[in-house]
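The values are calculated or read from the model by the stated rules, or taken from the named source; none is laboratory data. The structure displayed is predicted, hence computed values, not measured ones. All Cβ positions, even for glycine, are placed from backbone atoms using ideal geometry, and neighbour counts span all protein chains on display.
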Amino acid sequence: MYMVTVDSIAKSFKSVTGLGNLSFNVERGIIYGLIGPDGAGKTTFMRIAACLLLQDYGIITIDGFDTVKHASDVKRIIGYMPQRFSLYPDLSVCENLSFFADLFGVPKKERRERIDQLIKFSRLGSFLGLRAENLSGGMKQKLALSCTLIHTPEVLFLDEPTIGVDPVSRREFWDLLSRIKNTGTTIVVSTPYMDEAEKCNRVGFIMNGALIAEGSPDEFPEKYSKELIAVRGADLVKRSRKLTFPDVVLNVTTFGDRLHLTVEDARAAAPVVRTFLEKYQISGVSIEQVAPSMEDVFVEHMKNAQ
């Protein structure tokens, strides 16, 4: 049995569709990533799964419990961390943990041990007396995650937990998620970052409230319908904005210091592209066929879904 089952969930806000026939399943003990642009429906789904919003139709079950019919059972076994987790800024790290232990009804005989475990787990021991408002962005997210874990949930729903957090803190946060997963906890996390998506066991692309592609990170290159060549050259990325590439190039995407060109036939397209760039006197040109990244696949599916 799947830990989380999402079956034909739909939700509209007056004339705006938040979710439309969203369906997917999450196996027990994995990290499932929901990837999509702003407005795709990620937060709407998270709020419905956390029993904070009622869907128009469809069913979500968590460990066999219906989120509508058995909301109290669902709330007992899940943890939900929204984009802006409501830490209490005037309370210290330790006081926030104690407050959420009270809120979730953690038995007093277990509380001290549980808080000590989370402090050690999140490496917040040096900040126990510091007010939450004085923590860095990364530390605030670690504290928020610890507060979400205080009642030992079986499933975590995390809505873009690393938005606005520096890269080092993002890596540390995902190290924590990996360790949580290894304890058997199921994690459903939304993120706009492709490098984070690649750390998930399974990924679903969501667009306009519906799933447009799904699979493991290793499976996504097979979902790319064309071939791809990576092109580098002096000032190429900057100058490419003013170039109209030949018809053999179906799409152009910037990846750092190079361009990814979508083509039907990489071997046939490469010399055409080289001749084209030489015409514009772009020096140091290198062209190679590459396997599509998850971001390439995501961009292609987004364009097809528009």
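For this structure, a couple of remarks:
- Qualifying residue in region 54-62 (condition: among the polar types (S, T, N, Q) and either at pLDDT below 95 or more than 17 Å from the chain's Cα centre (by Cα) (or both)): yes
- Residue 213 vs. criteria farther than 17 Å from residue 30 by Cβ and either surrounded by 17 or more Cβ atoms within 10 Å (Cβ to Cβ) or free of Cβ contacts under 8 Å to residues at least 24 places away in the same chain (or both): yes
- Residue ranges of strands (runs of 3 or more DSSP E) in region 169-253 with at least 2 members farther than 30 Å from residue 45 by Cα: 227-232
- Of the residues screened, residue 142 is one that is closer than 20 Å to residue 90 by Cβ and charged (D, E, K, R).
- Those residues of region 250-306 which are over 25 Å from residue 209 (Cα atoms), touching a helix residue (DSSP H, G or I) at 6+ places or on another chain (Cβ under 7 Å) and of a type in the set (A, V, I, L, M), in sequence order: 252, 259, 261, 263, 282, 285, 287, 291
- Cross-chain or 6+ apart pairs with Cβ under 8 Å, region 103-114 first and in contact (Cβ under 8 Å) with a residue 12 or more places away in the chain, then surrounded by 10 or more Cβ atoms within 10 Å (Cβ to Cβ) and not β-branched (Val, Ile, Thr): 104/151; 105/151; 106/114; 106/151; 111/98; 111/101; 114/101
- Enumeration of residues in region 159-181 that are free of Cβ contacts under 8 Å to residues at least 24 places away in the same chain and more than 16 Å from residue 146 (Cα to Cα): 167, 171
- Boolean, residue 155 is surrounded by fewer than 21 Cβ atoms within 10 Å (Cβ to Cβ) and over 22 Å from residue 301 (Cβ atoms): no
Conditions tested, residue by residue: (1) part of a strand (DSSP E or B); (2) surrounded by 17 or more Cβ atoms within 10 Å (Cβ to Cβ); (3) touching a residue at least 24 places away in the same chain (Cβ under 8 Å).
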position: 18; (1), (2), (3): yes, yes, yes
position: 25; (1), (2), (3): yes, no, no
position: 34; (1), (2), (3): yes, yes, yes
position: 40; (1), (2), (3): no, yes, yes
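- Among residues that are surrounded by fewer than 21 Cβ atoms within 10 Å (Cβ to Cβ), within 24 Å of the chain's Cα centre (by Cα) and outside the structural domain of residue 293 (by TED's automatic domain parsing), residue 164 is included.
- Selection from region 12-45 of residues that are farther than 20 Å from residue 81 by Cβ, at pLDDT below 95 and among the charged types (D, E, K, R): 14
- Here the condition is being in a helix (DSSP H, G or I) and over 14 Å from residue 187 (Cα atoms); of 48, 9, it holds for 48 alone.
- Residue count, region 97-139 (criterion: of a type outside the set (Ser, Thr, Tyr) and in a loop (DSSP other than H, G, I, E, B)): 10
- Any hit, region 118-130, residues being farther than 28 Å from residue 171 by Cβ and either in contact with a Ser or Thr (Cβ under 6 Å, 6 or more places away or on another chain) or not basic (Lys, Arg) (or both): no
So that you can scan it fast, the table gives a plain yes or no per residue for (1) buried (at least 17 other Cβ atoms within 10 Å of the Cβ); (2) on the phi > 0 side of the Ramachandran plot; (3) in contact with a Cys (Cβ under 6 Å, 6 or more places away or on another chain):
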residue	(1), (2), (3)
57	no, no, no
61	yes, no, no
66	no, no, no
74	yes, no, yes
79	yes, no, no
87	yes, no, no
100	yes, no, yes
108	no, no, no
112	no, no, no
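- Residue within region 186-207 that is farther than 26 Å from residue 29 by Cβ, at pLDDT below 95 and surrounded by 17 or more Cβ atoms within 10 Å (Cβ to Cβ) present: yes
- Residue check for residue 9: on the phi < 0 side of the Ramachandran plot, surrounded by fewer than 23 Cβ atoms within 10 Å (Cβ to Cβ), among the aliphatic types (A, V, I, L, M) and at pLDDT 95 or above: no
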